Every structure is written in C-alpha cells, then in structure tokens.
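The values are calculated or read from the model by the stated rules, or taken from the named source; none is laboratory data. These numbers were taken from a predicted model, which means no experiment stands behind them. Reconstructed Cβ throughout: ideal geometry from the backbone, glycine too, with neighbour counts over all protein chains shown.
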Amino acid sequence: MSSCVITADTPATVWKVLAGEGDTVSDGDTLMILEAMKMEIPVEAEQDGVVARILVAEGDLVEMDQRLVELV
Amino acid sequence: MTEQHVRYFNRVLVANRGEIALRVIRTLQELSIASVAVYSDADTDSAHVVAADHAVHIGGSPVAESYLRIDRIIEAALSSGADAIHPGYGLLSENPDMVEACERAGLVWIGPSASAMRAMGSKLNARRLMIKAGVPVVPGGTEPIADEEAALAAAESLGYPVAFKASGAGGGKGFRVAHHASDVPAAFTGAAGEGERFFGDPTVYAERYLANPRHVEVQILADQHGSVIHLHERDCSVQRRHQKLVEEAPAPAVSAELRAAIGEIAIAAARSTGYVSAGTIEGLLDGDQFYFLEMNTRIQVEHPVTEMITGVDIVAEQLRIAAGHPLTLAQEAVRLSGHAIECRINAENAAKNFLPSPVRIGDYREPSGEGVRVDSGVRAGDAVHQWYDPLIAKLVVWAEDRDAATDRMLAALRDFTISGPATLLPFHAALLSTDQWRRGETCADLLADRAWLRSTAG
C-alpha cells in the first residue's frame, strides 16, 4: 500500500494529537485537531493505514502545507 | 458649556484589538478624549496601535498572554494615566472579575456592573429572572436536570423536538437537540459534557426546540438614573453553526406593533437586573411570538446597523452613561430611518467549509460612496494572525429600503478588494443575490448546503 503524508490546510497551532504512532486508522478518522482563529480544524486520515510517524507535537505552530502525519 | 463640549473622560484605554478597537478610538477622537491602545507581540504595528494616542505592550501573541490578562491591562491603564476602560466585545468584555479589578484600581468600567453580568451569565438564572419579570421565555424548565431519567421526563412533558442546554451555553457550544426519546440520553450527556468542558458548569436544562426561528435582538441603552430606552431591533438570522454572518435593521419580519411590543419586553428584561450601559436582548421570533434567549452585556459586533437607522453613536452613549450623564434621548425621539445591512468580512473560505485563512493581506481597497461604511481592522500589507478572531472588517450599507440596501451592498462587495487571505466577500455576494435573501428568508437551507457553498468560491 502506498504511503501518504497529511499536511496542514492553514497556518495553525496543534491543539490535540489524537492518534499515536503504530495506530491502525481508517479513511476519515480524526488524527489531530488544529486550532486557528478560534476554530477547531480536524485533520483526518485520507486512506486506511497505519500511523508511521507523527511529525508535530501539541502546542507547535505549523505553517500552511507543513507535514503533520505520515500513514503507510 | 453645552452638552457637546462636556469631556466625559480625559483618557480611555481600549482593551481590545482589530476593528472594534479602531471603532472605539474613532468616537474617542470625535469627543476629544485621548485614547490608549494595548497590544500583543503580533500586533506591534497593527492599525489600532497606530491610530491611538498612546500604546502599551501587554504580552505575547496568544490572547491568554495579553488581551485576557486582567493584571496587565489594569497596569497599562494606571501607568498611562487612563481614567476609564472600554472593553469592546469578546475578550474580557463580559468578565465580572475584570469589572471588579477596575473598581479596585479606581478606574471607570465602560459597561454594566459585575452583578448584572453574573445575573445574565447563567442562562438558567436569566430564565428565572425573566419569568419573574413577566418576560416571555422559550417554553421549558427553570431547574437543573439531575440525570437521564429526569431528562426523559422533561422531554416527554415538553414534546419533541427538545433542546438540552448547558446553563453557560454560548457560541453554539453546550447545546444539543433530541428529536425522539432515543436521542435524549446522548443529547443530555452531550450538553452536560460541553458545559463542563467549555464553561466549567455541567448544569443542564431543557426547553422546546424551535426548528427555524428568526434571530431577532433589541438594542437597549440604560443610564445610571433609571432611564431605559430601546433603539429598535436587528435581525441576525443568517448564521452558520450559531455564528452570525449577516445582520440587518430593521428586521424584515417585524411589524410596527411587534416592534413596540418587543421593545417593551427588552426594556423590562434590562430593568429586572438594574442594567446600566448599552446591552442587547437576544430572542427568537417564531411567527409573531418573541421569546427571550439571552442578554449580551456589552456592545455587539453588529451595532453599526442600529447606528445607521437611528443616527445614534452607541459608543458615545456608553461613554456618556459611564460618566454618569442621563440619556439625552427619550424613547419617542428615537428615529427609524431606512434599512441597514452588515456583512461580516471574515478571513475564511466558505467554499472549503469556512476554513480559516490567516494569511498576509496584499492589496486592500475599501468601497466608498453614499450610505457605505467600512469598520476595518486591517490595511494593505497587514498580517492576519491565527491567534485572533477571523473578523477583519465589517461592510455596512444604508439605503431607503431593504431592496435598495441589498443593491448597494452587492455593488460595495464588488468594489471591495482584499488579496491574500480567502475572505467571505464572494460568499456574501452569492448569498445576497439569491431569491431567498430577497424574500427575507433565513437562508438556513443554503448555509447547510455544501454544494451551494462550494459554488460561491471566488
């Protein structure tokens, strides 16, 4: 199965990381929640797979298009 | 000395940022009152800092490190020689601890008392107060619901659909609807959980759920001498997830008789807490029946539409009231002229589920002309920060009637250039071009229609 990297759609702060490395996830599962402009922005899995790497931590500032989670 | 030449305060600190800080500073300048801005790291060069006579740095970019720091704001007021604080909306504007901190420091708070804020801060307490004052509330309970069994009993006696609300509910949080008995346990525990998480209070009550009401609110002014007047109503029915997007005055569905009736209800509601300053009674309109929903104990984002139809500067009235002056306007003297509409220009992409867009602004050109007002917090080249509210400007128009105001708004939206962030400019242009808007409907179906929202992409 191909790997997939999920990136940030907007500059934001990482509010909550819900998934852990090694977790098996399904397409559409919420992996983490970003916060920008007082809004919560869920980051969802874009395919079924296993979380290979979480590339950010809670409280981090992320840029637009920054890599957040790697799925395999 | 005539009334116009009375200086209510020497120097006022504005404990806010963005468009509302600039809005307050504008009136201070008109009244020859010196202004003090406060700012975070991110706002060092922001428009409100440049516009004020003095500016004090109060901390880091997140609001918890700056604009929510009561201690730093009081210290800034004392060190800059301010004699009063205007809170704007949001942030500390409805925090009774802030009001008490002002009193202890010998500063005048330009707003209501801490006790009035506390009375209205609890929805359940406000419902009890309103019932006692003879103000209509949405049919439902006045006591906390203990458990799921009690929740089911309450739902069965009210009839479905029924809403479970946390006593501290606001901004769409702490509010769940049950359409059938089987929904009740999840709705009750969901509302209690959000109440605990967002407002520190798991208390829940039940009320009848009105499916597609209009959101109608009444602006009131109350002085320290017992006079209370209303400045007519606003309609704020165009909302998404309980966030207002478009507001207008007068309300399209309110007749002159109903206007007088809801104005009296609003005055009774304000009197029941001994309210002083500007405030808003928010309600739901179901046919001709108006129900009290909550009282907002501050100036509101949408206050300009009321200013446009009445000619009253609400910030100037707040200053006058806080300085102890009686209202200069009697109820009979409050005029209602024409129609005003406000579009909130948020840095959000409506076509992408209202995704925030905190991106630096490139070109920025405001519309102008007869009956056009822009309350903005940004200029060309300004950063739009992720730490703050997405509202970057408000476009407000006035014309002789609703149709003419809609045409004027559509032209003004076309003339507004903001490059860089995604904004709600194309969304508003699409919404105000629909037959639903022209007919004065709430447009709730459009705001829930993902395909229509995607089609608004600018």
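General observations
- Considering segment A:16-31, the residues that are assigned to a strand (DSSP E or B) and surrounded by fewer than 15 Cβ atoms within 10 Å (Cβ to Cβ) include one that is farthest from the other protein chains (Cβ to nearest Cβ), namely A:24.
- Within segment B:82-117, the set of residues being of a type in the set (Ser, Thr, Tyr) and part of a loop (DSSP other than H, G, I, E, B) comprises B:89, B:93, B:113.
- Of the residues B:315, B:301, B:305, the single one that is part of a loop (DSSP other than H, G, I, E, B), hydrophobic (A, V, I, L, M, F, W, C) and in the same structural domain as residue B:225 (by TED's automatic domain parsing) is B:301.
- Complete set of residues in segment B:162-188 that are assigned to a loop (DSSP other than H, G, I, E, B) and under 22 Å from the mean Cα position of the chain (by Cα): B:171, B:172
- Considering segment B:374-396, and only residues there that are buried (at least 20 other Cβ atoms within 10 Å of the Cβ) and among the β-branched types (Val, Ile, Thr), the residue that is nearest to residue B:63 (Cα to Cα) turns out to be B:384.
- Selection count, segment B:425-451, where residues are modelled with pLDDT of 95 or more and under 16 Å from residue B:354 (Cα atoms): 7
- Condition check for residue A:43: within 10 Å of the chain's Cα centre (by Cα), hydrophobic (A, V, I, L, M, F, W, C) and in a loop (DSSP other than H, G, I, E, B): no
- Here residue B:404 does not fit the description of being away from chain A (no Cβ under 14 Å), at pLDDT 95 or above and buried (at least 23 other Cβ atoms within 10 Å of the Cβ).
- Residue that is within 14 Å of chain A (Cβ to nearest Cβ) and in contact with a strand residue (DSSP E or B) (Cβ under 7 Å, 6 or more places away or on another chain), where the choices are B:374, B:396, B:384: B:384
- Residue, nearest to the other protein chains (Cβ to nearest Cβ), within segment A:49-60, restricted to residues that are touching a Ser or Thr at 6+ places or on another chain (Cβ under 9 Å) and surrounded by 14 or more Cβ atoms within 10 Å (Cβ to Cβ): A:60
- Extreme residue, surrounded by the fewest Cβ atoms within 10 Å (Cβ to Cβ), among residues of segment A:61-72 that are under 12 Å from the mean Cα position of the chain (by Cα) and either assigned to a loop (DSSP other than H, G, I, E, B) or within 14 Å of chain B (Cβ to nearest Cβ) (or both): A:65
- Matching option when the condition is surrounded by 21 or more Cβ atoms within 10 Å (Cβ to Cβ), at pLDDT below 95 and of a type in the set (A, V, I, L, M), among B:191, B:186: B:191
- Residue match in segment B:49-70 (condition: touching a residue at least 12 places away in the same chain (Cβ under 8 Å), charged (D, E, K, R) and more than 21 Å from residue B:278 (Cα to Cα)): yes
- Residue count, segment B:315-355 (criterion: within 14 Å of chain A (Cβ to nearest Cβ) and under 24 Å from residue B:87 (Cβ atoms)): 4
- Those residues of segment B:339-365 which are surrounded by fewer than 17 Cβ atoms within 10 Å (Cβ to Cβ) and closer than 30 Å to residue B:401 by Cβ, in sequence order: B:365
- Looking only at segment A:1-15, and only at residues there that are more than 11 Å from the chain's Cα centre (by Cα) and either in a loop (DSSP other than H, G, I, E, B) or surrounded by fewer than 14 Cβ atoms within 10 Å (Cβ to Cβ) (or both), the one that is farthest from the other protein chains (Cβ to nearest Cβ): A:1
- Segments classed as helices (runs of 4 or more DSSP H), wholly inside segment B:3-81, with at least 2 members that are in contact with a helix residue (DSSP H, G or I) (Cβ under 9 Å, 6 or more places away or on another chain) and over 22 Å from residue B:94 (Cα atoms): B:18-30, B:47-51
- Each residue in segment B:96-136 was checked for being of a type in the set (D, E, K, R), surrounded by 15 or more Cβ atoms within 10 Å (Cβ to Cβ) and either without any contact (Cβ under 8 Å) to a residue 12 or more places away in the chain or within 19 Å of residue B:315 (Cβ to Cβ) (or both), and 0 pass.
- Residue selected from segment A:32-48 under the condition of a type in the set (D, E, K, R) and away from chain B (no Cβ under 14 Å), by the criterion farthest from residue B:198 (Cα to Cα): A:48
- Which numbered condition residue B:287 misses (of (1) modelled with pLDDT under 95; (2) under 25 Å from residue B:118 (Cα atoms)): (2)
- Residue check for residue B:368: surrounded by fewer than 16 Cβ atoms within 10 Å (Cβ to Cβ), under 24 Å from residue B:29 (Cα atoms) and away from chain A (no Cβ under 14 Å): yes
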